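**Student:** The structure is given below, and queries will be raised subsequently.
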Amino acid sequence: MRTLLVFRCLITIFFIAISAYPSSARAQFSLNSGASASAVVTTPRVRAELVAHAPEGLAPGESAWLGLAIAHQPGWHTYWKNPGDSGLPTELSWQLPSGVDVGEIAWPVPKRIRIGPLANYGYEGEVLLAVPLQVSQAFKAPLLAGAGDTLTVRLHASWLVCRVECIPEEGNFEINVPLRSSTAVDAARFASAQAAQPQANAGDASVRAEGERLHWRVAGLPAALQGQVLDLFAETPGVLVPAAETGKDWSQAWDGAVWTADTPLSPEHEAAPESVPVVLARADGARVDGAVGWRSVASVQTPWSAGAVRAEVSPALAAALEANRLAAQTAAVVPTPSLAGLAAALLGGLLGGLLLNLMPCVFPVLAIKLLALAQHGGQPRAQRLAALAYTAGVMLSFLALGGLLLALRAAGEQLGWGFQLQSPVVVALLAGLFTLIGLNLAGVFEFGQFVPGRLATLQARHPVTDALLSGVVAVAIASPCTAPFMGASLGFAVAMPTAQALAVFGALGLGMALPYLLAGFIPALAHALPRPGPWMETFRHAMAFPMFATVVWLVWVLGQQSGIDGAGALLALLVAGSSLVWALSLRGRTRIVLVSTLLVLGAWLGIALGPHVVKPQESVVQAAPGATAWQPWSSQRVAELTQSGQPVFVDFTAAWCVTCQYNKRTTLADAEVLADFARRKVVLMRADWTRRDPAITAALTALGRSGVPVYVLYAKDKPPVVLSEILSKNEVQAALAGL
């Protein structure tokens, strides 16, 4: 039998590549806040200080400056007014006596901070966020016993500080500023902050849209700036693509004294405003004529219409900040999970990984695993090595996926378990890969026909490597599933410290590999395995059909993401690819003619049909068979209904989640269950996570989950009731009875 090792190598490389695809969503973070009021608030990441600059005092009619000075620890940063791909701007809430007013923050020119595929706009090192203060003529100085003639300034500030992980923080500040004497001890700080602000550019500036591109023209910039490469920052989100690179994604040039640029329009753009304020700065950060940046307000000459609906990230983060602020009233620091909590998460991960072997999406890979184990019949040492290698492959893959998930979420991504199947491109490529595996198992071709003989015999010479790669393939296929026990453990893991979270992911891997590890080390189990023989070839051919069934499922998933045209286009490409593989297995002149013809046909189909495969569908919300009462999920709608006394049942689902589809077509389609929902006037909502949705991810995180399926019953003045992943009729009815 020819080996699948070469192809497993390709699959391994493929999954490493696709697992890091970017997202435009933002993350939700935990909060550590300070509650005391003083001039300085210090955290492990920043030192924040409230400062004032009033060289003429604070007599009526005078102006001065207040500011929050933030000194970041190395590697950490906070954000500009437009944070870029992720993050939140620092917010200042002032408490001042009547007759004293403050203006908006005078934001210094930010720097572009790249984190993986994302780019943020913010500050590192030390920054002073200064605000102008004006004392009106009607101001009456208070008489403060024991404090002298001073003005008490109070500030509540909140900021998001990030490195790889992100921590929302806040603090209460208070200082007393003398009214009739000079306050200039921080003059150097305010002078530096003034120099770091962009200068107003009086020249004309404009922007016009052509398709998904923006064309900029800015005149009036300093002559010394001409010919220099500039960086462009839009003060409002949804205009530019923060991670776009000049020379690669956008271009710029000088037309005499006029700077021009061609940039991509953000995929999350809203309808064009009348004007767009932007800041220009030299790409290397150098000053020109003493200035570090120039602010222009570009008039919109050719407007653009609203694009994709912007994810409600800031409200979700704001809700998280508020929830953490309330939690901080009872605990100043987010506690580290207890030993008992960690042990429960590890046990849940182990059991969840064990049960993952029974999930429908894992079944097709059984062909590869069983054939590999049977080949070592009567060879105890080979079986033990294969079992250890397979276990290593599974555990390392879980650790890699878990580490990547944690890193991307910390960098601003809004991801959950099974995130790789939220991309139509990934789903289409997987369908192609499994089609090839099925054709190989069915005997249509052998990899030895297409690769040198030395590579084709790698399995015989390196069986341990083959077993390890089998584990990688198993995890890649299994990751979209969420077994019982596994959902809660994953949700718990993403909120843990990194080392403990990775331990939970390792427990998941160990649980999934445990049956095969035991079979390799317990002789009784090993002897129960079938011995190698002619049956293996028949079994191999039979296992091609589960692979093809997996392809059917993937095509259906893509249909949910890209519509019927996308599914049809993918089917046509799979047929063309299968024909080409079959032609390559032929001999003689017929092979040359067929291969040439099919290559031309495949290239034409790829160009003609490829865009349909990745084109997003307007809506992917699907009702369960026999049910027409399901509504699209909205967190605001859930809150409104529950506050009015209406219970709500939410099905967090995805087309690529086989367990979700099973529950949808059994328990959630049961006539008695639906009648019970109707009798109790429960509103049914479906949160479809087939394509990435940061709002749904935030809701899952709040429930302590990181993947689907999740079923939740909401009712007024009651905590949400989270049901199990394998939903049963009795469980749903019991939850409804609790209403």
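The values are calculated or read from the model by the stated rules, or taken from the named source; none is laboratory data. Note that the coordinates shown come from a computational prediction; the quantities given were computed from them, not determined experimentally. Cβ atoms come from the backbone with ideal geometry, glycine included; neighbour counts cover every protein chain shown.
**Student:** Checking the condition at pLDDT 90 or above and assigned by TED's automatic domain parsing to the domain that holds residue 294, which residue from 266, 275 passes?
**Tutor:** 275
**Student:** While we're looking at this one, here's another question. How many residues does region 696-718 contain that are of a type outside the set (A, V, I, L, M, F, W, C), surrounded by fewer than 21 Cβ atoms within 10 Å (Cβ to Cβ) and in a strand (DSSP E or B)?
**Tutor:** 2
**Student:** Let me confirm something: among 126, 91, 104, which residue is under 22 Å from residue 277 (Cα atoms) and in contact (Cβ under 8 Å) with a residue 40 or more places away in the chain?
**Tutor:** Sole residue among the options that is under 22 Å from residue 277 (Cα atoms) and in contact (Cβ under 8 Å) with a residue 40 or more places away in the chain: 91.
**Student:** Identify the residue in region 336-393 that is touching a His at 6+ places or on another chain (Cβ under 6 Å) and either buried (at least 22 other Cβ atoms within 10 Å of the Cβ) or basic (Lys, Arg) (or both) and, among all such residues, is modelled with the lowest pLDDT.
**Tutor:** Here the answer is 383.
**Student:** Something else: Within region 27-82, which residues are modelled with pLDDT under 90 and polar (S, T, N, Q)?
**Tutor:** Selection gives 28, 30, 32, 33, 36, 38, 42, 43, 63, 73.
**Student:** Would you check if residue 129 is of a type outside the set (Ser, Thr, Tyr) and at pLDDT 90 or above?
**Tutor:** Yes, satisfied.
**Student:** For the subset of region 210-240 comprising residues that are acidic (Asp, Glu) and touching a residue at least 60 places away in the same chain (Cβ under 8 Å), which member is nearest to residue 253 (Cα to Cα)? Reasoning before the result, please.
**Tutor:** Residues of region 210-240 that are acidic (Asp, Glu), as a first pass: 210, 212, 231, 235.
Checking which are touching a residue at least 60 places away in the same chain (Cβ under 8 Å) leaves us with 210, 231, 235.
Details: 210: 18, 231: 12, 235: 22 Å.
Once the filter is applied, the top-ranked residue is 231.
**Student:** Among the residues of region 180-192, are any surrounded by 17 or more Cβ atoms within 10 Å (Cβ to Cβ) and either assigned by TED's automatic domain parsing to the domain that holds residue 262 or of a type in the set (A, V, I, L, M) (or both)?
**Tutor:** no
**Student:** Right, next: Any idea how many residues of region 206-232 are among the hydrophobic types (A, V, I, L, M, F, W, C) and either in a helix (DSSP H, G or I) or in contact with a Gly (Cβ under 8 Å, 6 or more places away or on another chain) (or both)?
**Tutor:** So the answer is 6.
**Student:** Taking region 243-263, which residues are modelled with pLDDT of 85 or more and among the hydroxyl-bearing types (Ser, Thr, Tyr)?
**Tutor:** 251, 260, 263
**Student:** Among all residue pairs at least 6 apart or on different chains, which show Cβ distances below 6 Å where the first residue, located in region 644-669, is in contact (Cβ under 8 Å) with a residue 40 or more places away in the chain and assigned by TED's automatic domain parsing to the domain that holds residue 721 and the second is among the basic types (Lys, Arg) and assigned to a helix (DSSP H, G or I)?
**Tutor:** Matching pairs, first to second residue: 667/729.
**Student:** What single numbered condition from (1) farther than 30 Å from residue 425 by Cβ; (2) at pLDDT 90 or above fails to hold for residue 720?
**Tutor:** Only one criterion is unmet by residue 720, namely (2).
**Student:** Test each condition in (1) modelled with pLDDT of 75 or more; (2) surrounded by fewer than 21 Cβ atoms within 10 Å (Cβ to Cβ) for residue 475 and report the one that comes out false.
**Tutor:** (2)
**Student:** For residues that are among the hydroxyl-bearing types (Ser, Thr, Tyr) and out of contact with any Gly (no Cβ under 6 Å at 6 or more places or on another chain), scanning just region 667-718, find the one that is nearest to residue 655 (Cα to Cα).
**Tutor:** The selected residue is 690.
**Student:** Which residue out of 189, 208, 217 is within 27 Å of residue 131 (Cα to Cα) and of a type in the set (Lys, Arg)?
**Tutor:** Details: 208 fails: within 27 Å of residue 131 (Cα to Cα); 217 fails: within 27 Å of residue 131 (Cα to Cα).
Testing whether each residue is within 27 Å of residue 131 (Cα to Cα) and of a type in the set (Lys, Arg) leaves just 189.
**Student:** What about residue 721, is it in a strand (DSSP E or B) and within 25 Å of the chain's Cα centre (by Cα)? Break it down into steps so the answer makes sense when it comes.
**Tutor:** On the way: in a strand (DSSP E or B): yes; within 25 Å of the chain's Cα centre (by Cα): no.
Against the criterion (in a strand (DSSP E or B) and within 25 Å of the chain's Cα centre (by Cα)), residue 721 does not qualify.
**Student:** Now for a separate question. Quick one: in region 660-690, which of the residues that are within 31 Å of the chain's Cα centre (by Cα) and charged (D, E, K, R) is nearest to residue 631 (Cα to Cα)?
**Tutor:** Step by step, filter region 660-690, then rank; the result is 686.
**Student:** Among the residues of region 264-282, count how many are touching a residue at least 40 places away in the same chain (Cβ under 8 Å) and over 29 Å from the mean Cα position of the chain (by Cα).
**Tutor:** Selection size over region 264-282: 3.
**Student:** Still on this structure, please answer the following. I'd like to check which strands (runs of 3 or more DSSP E) are fully inside region 65-107 and have at least 2 residues that are more than 30 Å from the chain's Cα centre (by Cα).
**Tutor:** Hits in region 65-107: 91-95, 100-102.
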